[in-house]
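Participant: Pasting a structure here, questions to come.
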Amino acid sequence: MSVEAHELPLHVERDQFDPPSGISALRDRPGLERVHDSLGREAWLVTRYEDAREVLGDATRFSNARVPAVPMPGIDEEQMRAGQLLALDPPDHTRLRRLLTGEFTVKRIRRLQPRVEEIVTEHLDAMEAAGPPSDLVTDFALPVPSLVICELLGVPYDDRDDFQRRASQQIDLTLPMEDRGRVAVESRAYMSALVDRAKADPGDDLLGMLVREHGDDLTHDELVGIATLLLIAGHETTANMLALGTLALLRHPEQAALVRDDPDAVAPAVEELMRFLSIVHAAVPRAVVTDTEVAGQPLAAGEMVLVQLASADRDRALAEDPDHLDVGRAAAPHVAFGHGVHHCLGAPLARMEMATAFPALLRRFPTLATTTDVARAEFREGTFIYGMRSLPLTW
Ligand code: HEM
C-alpha cells in the first residue's frame, strides 16, 4: 500500500499554549497519519491519548534502542547512546534505571522540599529587592530548577552559563547538526571531567553515590551519559513549565488566585498545567519491533512511530473541553511525563518544584502582571521542549 506522507509542522510552530491546529485536527481522522520527521524520515504519527498510551506502554512492540540514531559529527553512536536511558530498551534500560529510581521516589524527593523552598525564597527575595520589572525566565524560572539539579547531582552552579547554553542548543532543532554535535561533544567533555573528579573524591551527591555504589558496574561513558541526561532534563523542562505555566495562570486571574490562596488546589493545578501545556511538544520516537497495528493501522517492523504528547493531552476522551485550562477540574490524566518504562524519572521532583514555586511566586507578588503583550519572539519555538525565552513581568 502506498501512503502519501504529509509535511506537518511537527515541532516548529505552536500557537502559544496550543499544539498546531493542523496536528490536533488529525485526532478526528481514522488510523495514523504518515508524516516526515524533522530530518525528513517517514514515520507514523500518533495523536490520540489511548493510542499514545498503547505505544509508549509496550516496550516489546515499540523500541527506543532501534530508533535510528541521528548522526552527530564528532561523536560515535555507541558513545552517544551510553547511559542515555531514552536510547535503551529493557533489560539494558532496566539495569540503569534501577540504579536511579531510589533517588527519585516521592519519599526521597519530599526530603528535598525544605531546600527547594529556601532556593525559591532566596530568588523571590532577590526579585523583590531589585524591584520590577523582572524577567521571570532569568530571575526565577531557570535558576531555581538549575540550582536544585546542580545540588542534587553535584554539578558546580557557577558553571551554569555554559551548561544552560549547551543544554538549550542541544535541543534546538533549528541548529545545524554540526553545531548540535559540537555542543554534545562539549557537554560530554564537561561531564567527563566532573565524573573523574567524583571518582577521585566522591561527594555526598548523586554523582558521588553512583561512583561509590555502582562505580564497578557502570562504564565511564555510562556515568557521563546518565549525568548529562539528568543535568539537561533536570533544568530545561521544569524551567519552561515554570515560565509558561506562570503566563498561563496570569491569563486566567481567577485560576491564579486559586493556586495562590488554596493549598489543596496546588497539586491538581500542577497536573492541569502539565496536561494543558505539554511542553515536550516534539513527537517522541519509537521503532516498530514486529509487524503490528495501532488504531487499525498496520505497522511494519522497522517503521518509525512518532507520539505527539501535546496533541494526546488535548484529546476529548480525556477531559471535557480539553483546549481550556481549568486548574479547578478533577485532575485529568495526561502523558506530559510520558508513559510506560520511560515515564519521566524526574516527575516527582518536577512536581514538587512546581508545587512549591507557583504559589510562592503568586503570594509574594499578588499583583504580578506582564509588562506588555507577550511577543511571539518570547516563546521558544523550534526546540524539542517548548517554553519561553523571556517573560517580562511587573508588580
Ligand atoms: C523522561 C517530561 C522533568 C529526567 C521524560 C519523558 C517525558 C518527560 C515526556 C519521556 C520521553 C519519552 O518517553 O520518549 C518531563 C517534563 C518535566 C520533566 C515535562 C518537567 C516539568 C524532569 C526532571 C528530571 C527528568 C526534573 C531529572 C531530574 C528524565 C529522565 C527521563 C525522562 C532521566 C528518561 C527516563 C527513562 O528513559 O527511563 N521526561 N520531564 N525529567 N525525564 Fe523528564
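Participant: Considering only segment 349-384, how many residues are out of contact with any helix residue (DSSP H, G or I) (no Cβ under 8 Å at 6 or more places or on another chain) and closer than 30 Å to Arg108 by Cβ?
Facilitator: 1
Participant: Here is a further query. From (1) within 11 Å of the ligand (Cβ to nearest atom); (2) under 26 Å from Ile149 (Cβ atoms), pick out the condition that doesn't hold for Arg380.
Facilitator: Result: Arg380 passes all but (1).
Here is a yes/no grid of residues against (1) closer than 30 Å to Val305 by Cα; (2) within 15 Å of the ligand (Cβ to nearest atom); (3) surrounded by fewer than 17 Cβ atoms within 10 Å (Cβ to Cβ); (4) of a type in the set (Phe, Trp, Tyr):
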| residue | (1), (2), (3), (4) |
| --- | --- |
| Glu42 | yes, no, yes, no |
| Glu54 | yes, yes, no, no |
| Met72 | yes, no, no, no |
| Pro91 | yes, yes, yes, no |
| Arg115 | no, yes, yes, no |
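Participant: Criterion first (within 16 Å of the ligand (Cβ to nearest atom), of a type outside the set (A, V, I, L, M, F, W, C) and surrounded by fewer than 17 Cβ atoms within 10 Å (Cβ to Cβ)) does Pro348 satisfy it? I'd like the intermediate steps shown before the answer.
Facilitator: Details: within 16 Å of the ligand (Cβ to nearest atom): yes; of a type outside the set (A, V, I, L, M, F, W, C): yes; surrounded by fewer than 17 Cβ atoms within 10 Å (Cβ to Cβ): no.
No, not satisfied.
Participant: Select, from Arg108, Arg98, the only residue that is surrounded by fewer than 17 Cβ atoms within 10 Å (Cβ to Cβ), touching a helix residue (DSSP H, G or I) at 6+ places or on another chain (Cβ under 9 Å) and not in a loop (DSSP other than H, G, I, E, B).
Facilitator: It is Arg108.
Participant: How many residues does segment 210-221 contain that are within 16 Å of the ligand (Cβ to nearest atom) and either surrounded by fewer than 21 Cβ atoms within 10 Å (Cβ to Cβ) or of a type in the set (Lys, Arg) (or both)?
Facilitator: First pass over segment 210-221, keeping only residues within 16 Å of the ligand (Cβ to nearest atom): 210, 214, 218.
So of that shortlist, the ones also either surrounded by fewer than 21 Cβ atoms within 10 Å (Cβ to Cβ) or of a type in the set (Lys, Arg) (or both) come out as 214.
Final tally of qualifying residues: 1.
Participant: Test each condition in (1) of a type outside the set (S, T, N, Q); (2) under 30 Å from Val374 (Cα atoms); (3) in contact (Cβ under 8 Å) with a residue 24 or more places away in the chain for Glu118 and report the one that comes out false.
Facilitator: Looking at each condition in turn, Glu118 falls short on (3).
Participant: Pull up segment 259-295, narrow it to residues that are within 16 Å of the ligand (Cβ to nearest atom) and small (Gly, Ala, Ser), then point me to the one that is farthest from Gly234 (Cα to Cα).
Facilitator: Looking at the filtered set, the residue picked out is Ala287.
Residue by residue, here is whether (1) in contact (Cβ under 8 Å) with a residue 24 or more places away in the chain; (2) surrounded by 15 or more Cβ atoms within 10 Å (Cβ to Cβ); (3) in a helix (DSSP H, G or I); (4) under 22 Å from the mean Cα position of the chain (by Cα) holds:
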{"residue": "Val148", "(1), (2), (3), (4)": "yes, yes, yes, yes"}
{"residue": "Asp162", "(1), (2), (3), (4)": "yes, no, yes, yes"}
{"residue": "Arg180", "(1), (2), (3), (4)": "yes, yes, yes, yes"}
{"residue": "Arg188", "(1), (2), (3), (4)": "yes, yes, yes, yes"}
{"residue": "Pro202", "(1), (2), (3), (4)": "no, yes, no, no"}
{"residue": "Gly208", "(1), (2), (3), (4)": "yes, yes, yes, no"}
{"residue": "Gly225", "(1), (2), (3), (4)": "yes, yes, yes, yes"}
{"residue": "Ala233", "(1), (2), (3), (4)": "yes, yes, yes, yes"}
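Participant: Go through (1) away from the ligand (no atom under 15 Å from the Cβ); (2) assigned to a strand (DSSP E or B); (3) crowded, with 17+ Cβ neighbours inside 10 Å for Pro298 and report which single condition fails.
Facilitator: Pro298 satisfies every listed condition except (3).
Participant: A follow-up question, please. Across segment 235-258, which residue is surrounded by the most Cβ atoms within 10 Å (Cβ to Cβ) among those that are aliphatic (A, V, I, L, M) and within 14 Å of the ligand (Cβ to nearest atom)?
Facilitator: Step one: filter segment 235-258 for residues aliphatic (A, V, I, L, M), giving 239, 241-244, 247-250, 256-258.
Keeping just the survivors that are within 14 Å of the ligand (Cβ to nearest atom) gives 239, 241-244, 248.
Numbers: Ala239: 26, Met241: 29, Leu242: 27, Ala243: 27, Leu244: 24, Ala248: 20.
Taking the candidates together, the pick is Met241.
Participant: Restricting to segment 280-313, count the residues that are at pLDDT 95 or above, within 17 Å of Ile23 (Cα to Cα) and not hydrophobic (A, V, I, L, M, F, W, C).
Facilitator: Qualifying residue count for the region: 1.
Table: residues versus (1) among the hydroxyl-bearing types (Ser, Thr, Tyr); (2) more than 14 Å from the ligand (Cβ to nearest atom); (3) within 18 Å of Ala283 (Cβ to Cβ).
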{"position": "Ser21", "(1), (2), (3)": "yes, yes, yes"}
{"position": "Ser24", "(1), (2), (3)": "yes, yes, yes"}
{"position": "Arg29", "(1), (2), (3)": "no, yes, yes"}
{"position": "Asp37", "(1), (2), (3)": "no, no, yes"}
{"position": "Leu45", "(1), (2), (3)": "no, yes, yes"}
{"position": "Asp51", "(1), (2), (3)": "no, yes, yes"}
{"position": "Thr60", "(1), (2), (3)": "yes, yes, no"}
{"position": "Asp76", "(1), (2), (3)": "no, yes, no"}
{"position": "Thr105", "(1), (2), (3)": "yes, no, no"}
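Participant: Can you tell me which residue in segment 353-365 is farthest from the ligand (Cβ to nearest atom), limited to those that are of a type in the set (A, V, I, L, M, F, W, C) and surrounded by fewer than 22 Cβ atoms within 10 Å (Cβ to Cβ)?
Facilitator: At the first step, the residues of segment 353-365 found to be of a type in the set (A, V, I, L, M, F, W, C) are 354-355, 357-358, 360-362, 365.
Restricting the remaining residues to those that are surrounded by fewer than 22 Cβ atoms within 10 Å (Cβ to Cβ) gives 355, 360, 362, 365.
Details: Ala355: 11, Ala360: 17, Leu362: 18, Phe365: 22 Å.
Looking at the filtered set, the residue picked out is Phe365.
Participant: Between Leu39, Leu56, Leu88, which is of a type in the set (A, V, I, L, M), in contact with a helix residue (DSSP H, G or I) (Cβ under 6 Å, 6 or more places away or on another chain) and in contact (Cβ under 8 Å) with a residue 12 or more places away in the chain? Working first, answer last.
Facilitator: Details: Leu39 fails: in contact with a helix residue (DSSP H, G or I) (Cβ under 6 Å, 6 or more places away or on another chain); Leu88 fails: in contact with a helix residue (DSSP H, G or I) (Cβ under 6 Å, 6 or more places away or on another chain).
None of the others qualify; the one that does is Leu56.
Participant: Considering each residue of segment 323-335, count those that are over 10 Å from Glu272 (Cα atoms) and surrounded by 17 or more Cβ atoms within 10 Å (Cβ to Cβ), and give that number.
Facilitator: Qualifying residue count for the region: 1.
Participant: Also: Restricting attention to segment 31-74, which residues are out of contact with any strand residue (DSSP E or B) (no Cβ under 8 Å at 6 or more places or on another chain) and modelled with pLDDT under 95?
Facilitator: Result: Ser38, Leu39, Gly40, Ala69, Val70, Pro71, Met72, Pro73, Gly74.
The values are calculated or read from the model by the stated rules, or taken from the named source; none is laboratory data. The model shown is predicted, which means the values in this text are computed figures rather than measured ones. Cβ sites come from the backbone with ideal geometry, for glycine too, and all protein chains shown count toward neighbours.
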